[in-house]
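I have placed the structure first, in the form of structure tokens, so that the comments after it can refer back to it.
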Amino acid sequence: MALISVRDFGFAFPQGEPLLHSVSCDVEEGSFTVLLGANGSGKTTFLKQLHPVLADAGTRTGSVLWQGKPLTRDSSAVSDSSTAIAEDIGFVMQRSESQIVTDKVWHELAFGLENLGLPSSEIQRKVAEISTFFGIQEWFDKDVSELSGGQKQILNLASSMVMNPRLLILDEPTAQLDPISADSFIQMLHRLNYELGVTILVAEHELQKILPFATQLLFMAEGHIAVSGTPQEAIPQIMRRYPQYAAAMPQAAQIFMESRTDVSRETSAVTQRPIPLTIGEGQQWIESMLGEPPQRTQKERAGREPAPVLAPTLKHESESGPVPAPTPELSSAPKPASGLQTEAEEQSEDERVTAPVALEARNLWFRYGAAEPDLLRGLDLSVRKGEILALVGSNGSGKSTLISLLSGVRRPYRGSVRLEGKRLTRIPEERLFDHYLGVLPQDPQTMFVKSTVSADLASVLPPVSLVHRLPMVDRLRGRGNEEKLAEREKEEIAQGAEALGITEVLDRHPFDLSGGEQQLVALLKVLLLRPRILLLDEPTKGLDEEAKKRVIELLQLLKNHGVTTVMVTHDIEFAARAADRAGLFFNGRVVSVEPVNTFFSSNNFYTTSASRIARDWFPEAVTKDEVIACLKHSIRS
Amino acid sequence: MVRTDPFTQCHPLVNFAFFVSVLGISMFCLHPIILVISYLSATLYAIALKGFRHVLTLNAAFILPGIVVVALINPMFNHNGVTLLYTFDNGNSLTLEAIVYGIVLAGTLAVATSWFVSVNAVLTRDKFVYAVGRIFPTASLILSMSFRFIPLFIRQYKATAVSQKYLGSARARTVSTGKQNWWSGKWQKVRTALAVTSALFTWSLENAIHVSDSMKARAYGHRRRTSYTPYRWDARNVGLLCGIVVAAALVVVSIFSGGLESQYDPSIAVSGIVEINATAWTWIGVVVFAVFANLPLVLRGVAALQWRLYEQRALSGSQADRRLPYASVLQKED
């Protein structure tokens, strides 16, 4: 019998459209189920409905069975049965910060057990056991405010697990984590499932890492479970039926599916292979088509030089150059990548070198206190106008600190930052953030001050001045001015919202949005300031693939209007697709700033999965599209 | 240093009992000898916990100026006392008693400040939460949650203020001129502050919802809660607590029996020093208090001694243990 079985389930908030309809799925005992779906597809609402105490109030139809017994919503948990079920289900949410109840790690671990009314001796044993399993001993006595984001989420997991639930539901638990913390979190889930047999139901965007452990994949679209099955079965189905979500699939699977149409003509045997999901499977598949990689024998050369036969495609067609109108049409998409390296590409390369320097940091030194270690140690950075630079690096390396220094919120104790040749300290603050420097901070929630998204966005547009709001001035100057402005505001917001795909959320409260949606709204808010230089701190946190694509298109468009972008990010795939140049942030400096393709192809560890799959054959291809283009090219020739 | 302090490792109740009685005795018995002993013990223990430099800085920057100010101010406003030293033009008098009393008051201030260095180091926040929880069980969870929320709130406040700065002064610019005038700048500052406040308010509510979900998901409110503490209540703690109670009781008895009498108004009378002769109780009170106030340091000394003995024994023991425990059994079988 399935642990949870959902039949024809539907849900609507009071006075709301049905959000979920005819949802049917089973979660078997001991399975590792991954729930996939776009931002705002109702995943969170669905997962909460499976928990008797957390379920939102609203109209429920159909049935949810917990081991054959109906599971009903009971927010106060008065009945014994729902109490028992609630204790059997652990729930971990997306925001690691706001789930923590108490101030000490040990107290947080004991919290659930205290609620169960266990005696101290028993709590002590269970807390000890769980800390050992999760490796928490080193920070057991610490304050929770001293923990890193990854540690906080592990703590949330541990303090759910200490109650020994049979089912663990997790709602995008790694969306706010850096890749290394996310990795160790997923490893921990795997251990719980594999070693302890805990049933796991987890909603995720990032499939690449979690997929090898998944036994079942549920795909949610348009308010119901559209595809379910083992990853091997489900992934080709999802990619065929919902091509817009294909980008969320593992890179190996995407490369396989997208190049298969060409390949099948050549070798029909290839198509009968099961779909490759991991990097290793992807490599095997390419090897089955192209044979032994040419570089394997001469590996020393493989690093920097391009493959002799297959020149990789590079994505930046030359379409830059100053565009006079300051109003970019946000909805138009840039040209897709195509073709091999051309003269145009070389030209744009030249342009980049000759363009004036937009942002420059010289020999920056910074630390938070006299006794603290230096976070930046003689950092140099120079970004030309119209360039997109991505800085990657591990957590706590000072990337966000760099953003605060580049934006003048903090000052280096040695060295200087220059914007277009001018010292940052000489630019008055009211000029600095006025059509000049746009900054997207790490936490989008800190950007919101109004109660609807559209009002919040409008708050940054040039306002109707106080004088204009007086009725008598209106009469003197003639009415209409205000309306015209309001009209313009609305139009601008609508355009931006459409480009980022957040039109539906404009009337909602910014705090009610999912993490990804908040991120997009915050980005739009910054863009409405029409900055010439854009600093982005983790722009892709919580974004699904579709949203990432839109952000990339938008950044390319801004670039064509001469906007300079510097972003710090953990998201290597995003950096490879969006940026012109990339650098590694390490030990307080930016090392090896190079064009993205050179950068990622010469990195062995810090590189994209597409590059890991195909680097032996196409050393300079770092994004999925480039690998596909190279594959098609080499199969045709 | 603090990590291996045996008094810090004691049960919070022992810590509480000690600090409450030492501070209480020093504050209510204004006997100069007691004050001096108390100050010296507090300073020594603070040095042991925090280092010489920290205590020196505190004394130079805070305690010494405090003493001077209090000692000077008291005679300016307090004109009681029988020993007239000088009469001011406005008829007010400067008396010896007022000056002495000012110095004594300044002394109590120095004593309290010095003890609070150790109180801060020893009574960590979770010990405090525990002690409150012993008295009001529900309060301990609320306190713990507040201690969680306050740093989070401060961080969010700082981040929001920075973000709003990033969003800049677009609001302050007027459409007609494109320039900024002084008033619109001020107005803008007020608006931003209001916006940040209201955003933080919303954020707090939002955070509270998440926290309550997280609590509900972990069975909060289903049953009667218990309260887990990582502190152990063992024989050593019982002994220490008894010692503290007995010592404090002896000193209190000494105070009430007049052994530690001190009077500064209208005339000065301090047992053992001025006017009043020392009794047996005076000596008992002073000696007991001197030992009692140095309890943490005594514990440190004992622990150091014990460790040295332990090491010696372990060293000699390892020689003896060369013979395997079952060696004798094997011999018998032969």
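What residue, among those in region A:91-132 that are within 7 Å of chain B (Cβ to nearest Cβ) and assigned to a strand (DSSP E or B), is farthest from A:Ile200 (Cα to Cα)?
A:Lys104
For region B:197-210, name all the residues that are at the interface with another protein chain (Cβ under 7 Å from one of its Cβ atoms) and buried (at least 16 other Cβ atoms within 10 Å of the Cβ). Let's see the steps before the verdict.
In the first step, residues of region B:197-210 are kept if they are at the interface with another protein chain (Cβ under 7 Å from one of its Cβ atoms); the result is B:198-199, B:202-203, B:206-207, B:210.
Scanning region B:197-210 gives B:Ala199, B:Thr202, B:Trp203, B:Glu206, B:Asn207, B:His210.
Scan (1) among the aliphatic types (A, V, I, L, M); (2) open to solvent by 50 Å² or more (accessible area, probe 1.4 Å); (3) at pLDDT 85 or above for the single condition A:Val449 breaks and write down its number.
Among (1) among the aliphatic types (A, V, I, L, M); (2) open to solvent by 50 Å² or more (accessible area, probe 1.4 Å); (3) at pLDDT 85 or above, A:Val449 violates only (2).
Do you know which residues across region A:421-441 are farther than 14 Å from A:Arg411 by Cα and open to solvent by 80 Å² or more (accessible area, probe 1.4 Å)?
The answer is A:Lys422, A:Glu430, A:Arg431.
Return a yes/no flag: does region A:25-47 have any residue that is without any contact (Cβ under 8 Å) to a residue 24 or more places away in the chain, open to solvent by 10 Å² or more (accessible area, probe 1.4 Å) and not charged (D, E, K, R). Give the steps one after another, and end with the answer.
Keep residues of region A:25-47 that are without any contact (Cβ under 8 Å) to a residue 24 or more places away in the chain, which gives none.
No, every residue in region A:25-47 fails to be without any contact (Cβ under 8 Å) to a residue 24 or more places away in the chain, open to solvent by 10 Å² or more (accessible area, probe 1.4 Å) and not charged (D, E, K, R).
Which of (1) touching a helix residue (DSSP H, G or I) at 6+ places or on another chain (Cβ under 7 Å); (2) modelled with pLDDT of 80 or more is the odd one out, the single condition A:Val526 does not satisfy?
All conditions pass for A:Val526, except number (1).
Suppose we filter region B:74-108 for residues that are open to solvent by 80 Å² or more (accessible area, probe 1.4 Å) and assigned to a helix (DSSP H, G or I); how many remain?
Of the residues in that region, 3 qualify.
Return the residues of region A:181-224 that are more than 19 Å from A:Phe133 (Cα to Cα) and open to solvent by 20 Å² or more (accessible area, probe 1.4 Å); say none if nothing qualifies. Break it down into steps so the answer makes sense when it comes.
Step one: list which residues in region A:181-224 are more than 19 Å from A:Phe133 (Cα to Cα), which gives A:201-224.
A:His205, A:Glu206, A:Gln208, A:Lys209, A:Pro212, A:Phe213, A:Thr215, A:Gln216, A:Glu222, A:His224, listed by residue number.
How many of the residues in region A:125-161 are touching a Pro at 6+ places or on another chain (Cβ under 7 Å) and at pLDDT 90 or above? Please lay out each step first, then the result.
Keep residues of region A:125-161 that are touching a Pro at 6+ places or on another chain (Cβ under 7 Å), which gives A:145, A:153.
Next, from what is left, pick out any that are at pLDDT 90 or above: A:153.
Qualifying residue count, region A:125-161: 1.
A quick yes/no check of all residues on (1) in a strand (DSSP E or B); (2) aliphatic (A, V, I, L, M); (3) open to solvent by less than 10 Å² (accessible area, probe 1.4 Å):
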| residue | (1), (2), (3) |
| --- | --- |
| A:Gly583 | yes, no, yes |
| A:Thr598 | no, no, no |
| A:Thr607 | no, no, yes |
| A:Ala610 | no, yes, yes |
| A:Ile613 | no, yes, yes |
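What single numbered condition from (1) more than 10 Å from every other protein chain (Cβ to nearest Cβ); (2) under 18 Å from A:Asp141 (Cβ atoms) fails to hold for B:Pro137?
That leaves (2) as the condition not met.
Evaluate the following for A:Leu536: is it away from chain B (no Cβ under 11 Å), in a strand (DSSP E or B), closer than 30 Å to A:Glu360 by Cβ and not β-branched (Val, Ile, Thr)?
Details: away from chain B (no Cβ under 11 Å): yes; in a strand (DSSP E or B): yes; closer than 30 Å to A:Glu360 by Cβ: yes; not β-branched (Val, Ile, Thr): yes.
Yes.
So, in region A:420-434, of the ones that are part of a loop (DSSP other than H, G, I, E, B) and away from chain B (no Cβ under 14 Å), which residue ends up farthest from B:Gln188 (Cα to Cα)? Walk me through how you get there before you give the answer.
Start the filter on region A:420-434 by keeping residues that are part of a loop (DSSP other than H, G, I, E, B), which leaves A:420-421, A:427-428, A:433-434.
Subsequent filtering for residues that are away from chain B (no Cβ under 14 Å) retains A:420-421.
Details: A:Glu420: 28, A:Gly421: 29 Å.
Going through the qualifying residues, I end up with A:Gly421.
Going by what's in this entry, would B:Thr43 be described as within 28 Å of B:Trp307 (Cα to Cα) and open to solvent by 90 Å² or more (accessible area, probe 1.4 Å)?
Numbers: within 28 Å of B:Trp307 (Cα to Cα): yes; open to solvent by 90 Å² or more (accessible area, probe 1.4 Å): no.
It is false that B:Thr43 is within 28 Å of B:Trp307 (Cα to Cα) and open to solvent by 90 Å² or more (accessible area, probe 1.4 Å).
Does region B:115-145 hold any residues that are surrounded by fewer than 21 Cβ atoms within 10 Å (Cβ to Cβ), closer than 29 Å to B:Phe62 by Cβ and of a type in the set (S, T, N, Q), and which are they?
If the condition is that a residue be surrounded by fewer than 21 Cβ atoms within 10 Å (Cβ to Cβ), closer than 29 Å to B:Phe62 by Cβ and of a type in the set (S, T, N, Q), then B:Asn120, B:Thr124 are the ones that fit.
Could you grab me the full set of residues in region A:141-178 that are touching a residue at least 40 places away in the same chain (Cβ under 8 Å), assigned to a helix (DSSP H, G or I) and open to solvent by 30 Å² or more (accessible area, probe 1.4 Å)? Reasoning before the result, please.
First, pick out the residues of region A:141-178 that are touching a residue at least 40 places away in the same chain (Cβ under 8 Å): A:143-145, A:147-150, A:152-153, A:155-163, A:165-173, A:175-178.
Of the ones still in play, those that are also assigned to a helix (DSSP H, G or I) are A:144-145, A:149-150, A:152-153, A:155-161.
Within region A:141-178, A:Ser145, A:Gly149 meet the criteria.
Does B:Ala269 count as open to solvent by less than 30 Å² (accessible area, probe 1.4 Å), more than 14 Å from every other protein chain (Cβ to nearest Cβ), of a type in the set (A, V, I, L, M, F, W, C) and within 30 Å of B:Pro75 (Cα to Cα)?
Numbers: open to solvent by less than 30 Å² (accessible area, probe 1.4 Å): yes; more than 14 Å from every other protein chain (Cβ to nearest Cβ): yes; of a type in the set (A, V, I, L, M, F, W, C): yes; within 30 Å of B:Pro75 (Cα to Cα): yes.
In short, yes.
Looking for something open to solvent by less than 50 Å² (accessible area, probe 1.4 Å) and not in a helix (DSSP H, G or I) - is there at least one such residue anywhere in region A:83-90?
Yes.
From the residues in region A:227-247 that are of a type in the set (Gly, Ala, Ser) and open to solvent by 20 Å² or more (accessible area, probe 1.4 Å), which one is nearest to the chain's Cα centre (by Cα)?
Taking region A:227-247 and keeping what is of a type in the set (Gly, Ala, Ser), we get A:228-229, A:234, A:246-247.
Narrowing further to those that are open to solvent by 20 Å² or more (accessible area, probe 1.4 Å): A:228, A:247.
Details: A:Ser228: 24, A:Ala247: 13 Å.
Here the residue is A:Ala247.
Which condition breaks for A:Glu138 when tested against (1) part of a helix (DSSP H, G or I); (2) at positive phi?
(2)
Can you pull out the residues in region B:224-248 that are within 8 Å of another protein chain (Cβ to nearest Cβ) and out of contact with any helix residue (DSSP H, G or I) (no Cβ under 7 Å at 6 or more places or on another chain)? Even if it seems obvious, please write down each step before you answer.
Step one: of region B:224-248, the residues within 8 Å of another protein chain (Cβ to nearest Cβ) are B:224-230.
Correct list: B:Arg224 only.
Between residues in region B:98-120 that are within 17 Å of B:His31 (Cα to Cα) and residues that are at pLDDT 90 or above and small (Gly, Ala, Ser), which pairs lie under 6 Å by C-beta distance while being six or more apart or on different chains?
B:Val111/B:Ser26; B:Val111/B:Ser38
Return the pair list, or none, for Cβ contacts closer than 8 Å from residues in region A:441-454 that are more than 9 Å from every other protein chain (Cβ to nearest Cβ) and among the hydroxyl-bearing types (Ser, Thr, Tyr) to residues that are surrounded by fewer than 24 Cβ atoms within 10 Å (Cβ to Cβ) and part of a loop (DSSP other than H, G, I, E, B), at least 6 apart or on different chains.
A:Thr452/A:Leu506; A:Thr452/A:Asp507; A:Thr452/A:Arg508; A:Thr452/A:His509; A:Ser454/A:Leu506; A:Ser454/A:Asp507
With the checklist (1) assigned to a helix (DSSP H, G or I); (2) modelled with pLDDT under 90; (3) of a type in the set (A, V, I, L, M) in hand, flag the one item A:Val551 doesn't pass.
It is condition (2) that A:Val551 fails.
How many residues are over 15 Å from A:Lys104 (Cβ atoms) and open to solvent by 50 Å² or more (accessible area, probe 1.4 Å) if we restrict to region A:129-139?
Matching residues across region A:129-139 total 2.
So, of the residues in region B:211-220 that are over 13 Å from A:Asp74 (Cα atoms) and open to solvent by 40 Å² or more (accessible area, probe 1.4 Å), which turns out to be nearest to the other protein chains (Cβ to nearest Cβ)?
Step by step, filter region B:211-220, then rank; the result is B:Tyr220.
What pairs come up if the first residue lies in region A:127-140 and is closer than 22 Å to A:Asn193 by Cβ, the second is open to solvent by 30 Å² or more (accessible area, probe 1.4 Å), and their beta carbons are under 7 Å apart, counting only those six or more places apart or on different chains?
Final answer for the pair search is A:Ser131/A:Gln137; A:Ser131/A:Phe140.
The values are calculated or read from the model by the stated rules, or taken from the named source; none is laboratory data. What you see is a predicted model; the values in this text were computed from it and never measured. Cβ sites come from the backbone with ideal geometry, for glycine too, and all protein chains shown count toward neighbours. All accessible areas refer to the heavy atoms of the entire protein, side chains included, with ligands and DNA or RNA removed. Shrake-Rupley method; radii C 1.70, N 1.55, O 1.52, S 1.80 Å.
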